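Following: one structure in structure tokens, then a few remarks.
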Amino acid sequence: MSSYTNDINAVSELVQAKGDSWAAINPESVARMRAQNKFKTGLDIAQYTADIMNADMAAFDADNTLYTQSLGCWHGFIGQQKMISIKKHFGGKTDRRYLYLSGWMVAALRSEFGPLPDQSMHEKTAVASLVEELYTFLRQADARELGGLFRQLDTAREAGDEATVEQIQEEIDNHVTHVVPIVADIDAGFGNAEATYLMAKQMIEAGACCLQIENQVADEKQCGHQDGKVTVPHADFHAKIRALRHAFLELGIDNGLIVARTDSEGAGLTKEIAVVKEPGDQGDQYNSFLDVEEIDVADMAEGDVCFNRDGKLVRPKRLPSGLYQFRQGTGPERCVFDSIEAIKAGADLLWIETATPSVKDIADMMNEVRKEIPNAKLVYNNSPSFNWTLNFRQQAYDRWVEEGKDVSAYDREDLMNAKYDATELAADADDKIRTFQADSSREANIFHHLITLPTYHTAALSTDNLAKEYFGEAGMLGYVRDVQRKEIRQGIACVKHQNMSGSDMGDDHKEYFAGENALKAGGAKNTSNQFS
């Protein structure tokens, strides 16, 4: 017997037990509402998605071609449309496809202060609110899809088509939810470890199963692809990792996931000299990367900070800002050190911000990490901050030079020029972009590939194109030809925007609650019928 049928029977017994006062309750209506509300709380979602992500990680350990992917979201509708599109284009499945919640987009698009840079200045609660919003929209996508199946079921029953009834019943019982894991950005924790813990609890309660935290100073935090990044000693960062773990454990999500991000590749500054408890410990290693000069006690100036290194008094170079600088060229080595220590401190996955999208550079660092942590896995930001076209054309150019190919027709510094678009070198570069995720997952053990800000850019591009046409000579044709006609022909669900907003589900509920007295919106005069 199907789970749907079981629910109908269970509610029937309950209604009968309650007597006449419940006689108007239709058990099948209740069963439908239950099916449309599979997840009752955010913690239900967090546990369900944590299980998925852990299973995906185990599958990746066995076969690193099975990497996962996500696209960044800044609104629930955006996340909903992604998952509806994925189900439509990939056989009704969502396997290994997640959502990414970008702190950058929260700052730029969700703050009450208006657009802000990615510096943790936005309201910290906005992140948890977006997690909740994303899952609200994904659950609504489930309810809408199931509502359509229920209406098909009623039509098949009325027609006496038992074969179709059985087929639709099976689709209902085996419905694939739009709810998927979200990798959620908690920045540098928005304060001390206690603040990190409190915010993590909010995010997990909203449904987040995976939290990504970075090793920058919270009050000096910068976007990973900008200058001026300041890292913290490992003791400070690891306290925040443990704060995240405690939040997961307190809420019963024992297999919740933590992504430890290091910005050391591009961060040349630190706010603190690490505490050293014994020679060679984490603090000692952290300090070993500082740019220092050996001095005599007599050379110490008022206010100088100095420490003992190998029996010698050294003074770290301090900037007018009070920050200390690391030695030039130590970024990759520090990334390796950060990554190894973060895994030892309890992180499940790593994130290394890089200056360019180079498979070799990422693999060089991850291969060093894996010498000590063999199953270390990476989350990688396929960032729009990279000029992918220029980077990969220059990589192709350099590879051609090494191979002895003729590059005389190309100017390496001008390879972004459209005049090169149809060239053999451009085709070579595009092919490497196409296979970048597969190549880097194989060579650098990247488990998850994400693009942080894709819908920020697609919204801007599509709006620019529409405005140019609509306010120009094309007029209304600019909308009809370039938007609506494409929606209809590509089967984009939101062409029926009334249905997407929940109008048909509202009609269903009106009928459940009021029976034949229900005043429905989806009658013959509903202009959305033109899209049937």
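Details
- In segment 253-344, trypsin sites (Lys or Arg not before Pro) in a DSSP loop with at most 11 other beta-carbon atoms within 10 Å: 277
- P(r) tail fraction, segment 472-517 - alpha-carbon pairs more than 15 Å apart, %: 59
- For the chain, the relative contact order comes to 15 percent (Cα pairs under 8 Å, sequence separation of at least 6).
- A Förster distance of 41 Å, applied to the separation of the beta-carbon atoms of residue 474 and residue 255, puts the FRET efficiency at 0.15.
- Against the chain, whose longest principal axis comes from its Cα atoms, helix 331-344 is set at around 60 degrees.
- Farthest toward the positive end of the dipole of the chain, out of 12, 217, 369, is the Cα of 12, where the dipole comes from beta carbon charges about the Cα centre.
- Cα centroid separation, segment 27-87 to segment 92-159: 11 Å.
- Bridge type composition, the chain - antiparallel percent by DSSP, nearest 5: 25
- Cα gyration tensor, segment 321-434 - rounded (a/c under 1.5), prolate or oblate: prolate
- Pairwise label distance in nanometres, residue 113 with residue 20, each label 7 Å out on the Cα-Cβ vector: 6.4
- Filtered chymotrypsin sites (Phe, Trp or Tyr not before Pro), segment 102-185: DSSP coil and at most 13 other beta carbons within 10 Å: 113
- Using a simple spin-label model with pseudo-atoms 7 Å out from Cα toward Cβ, residue 464 and residue 176 lie 3.5 nm apart.
- Segment 245-303 versus segment 377-454: alpha-carbon centroid distance in Å: 34
- Counted by Cβ distance under 14 Å from residue 473, the other residues give a net charge of 0, where Lys and Arg count +1 and Asp and Glu count -1.
- Folded to 0 to 90 degrees: helix 162-173 orientation relative to the chain principal axis, Cα: 30
- Given charges at beta-carbon only (K, R positive; D, E negative), |dipole| of the chain in Debye: 1060
- Relative contact order (%) - criterion: Cα under 8 Å, at least six apart; region: segment 376-532: 22
- The chain: angle of helix 42-62 to the longest principal axis, Cα-based, in degrees nearest 10: 60
- Dipole size of segment 472-517 about its Cα centre, with +1 on Lys/Arg Cβ and -1 on Asp/Glu Cβ: approximately 340 debye, rounded to the nearest 20.
- Positive-pole candidate from 501, 462, 397, dipole of segment 392-532, charges at beta carbon: 501
- More than 40 angstrom apart: percent of Cα pairs within the chain: 36
- Restricting segment 424-532 to trypsin sites (Lys or Arg not before Pro) that sit in a DSSP loop and have at most 15 other Cβ atoms within 10 Å of their own Cβ leaves 520, 525.
- Extension gain, residue 532 to residue 93: 0.36 nm times the residue separation minus the Cα-Cα distance gives 155.6 nm.
- Look at the dipole of the chain built from charges on Cβ: of 311, 198, 46, the Cα furthest out on the positive end belongs to 46.
- Three-way shape call for segment 271-379 based on the alpha-carbon gyration tensor, with the a/c threshold at 1.5: prolate
- Rounded to the nearest 500, the 222 nm mean residue ellipticity of the chain from helices alone is -15500 deg cm²/dmol, with -39,500 (n - 2.57) taken per DSSP H run of at least 4 residues.
- Radius of gyration (Cα atoms) of segment 1-148, expressed as a multiple of 2.2 N^0.38 Å: 1.35.
- Here each label is just a point 7 Å from Cα along the line to Cβ, and for residue 487 and residue 438 those points are 3.5 nm apart.
- Shape category assigned to segment 408-500 from the gyration tensor of Cα positions, a/c cut at 1.5: oblate
Read-outs: derived from the displayed coordinates by stated rules, not from any lab. These numbers were taken from a predicted model, which means no experiment stands behind them. Cβ coordinates were reconstructed from backbone atoms using ideal geometry, including for glycine residues, and neighbour counts include every protein chain displayed.
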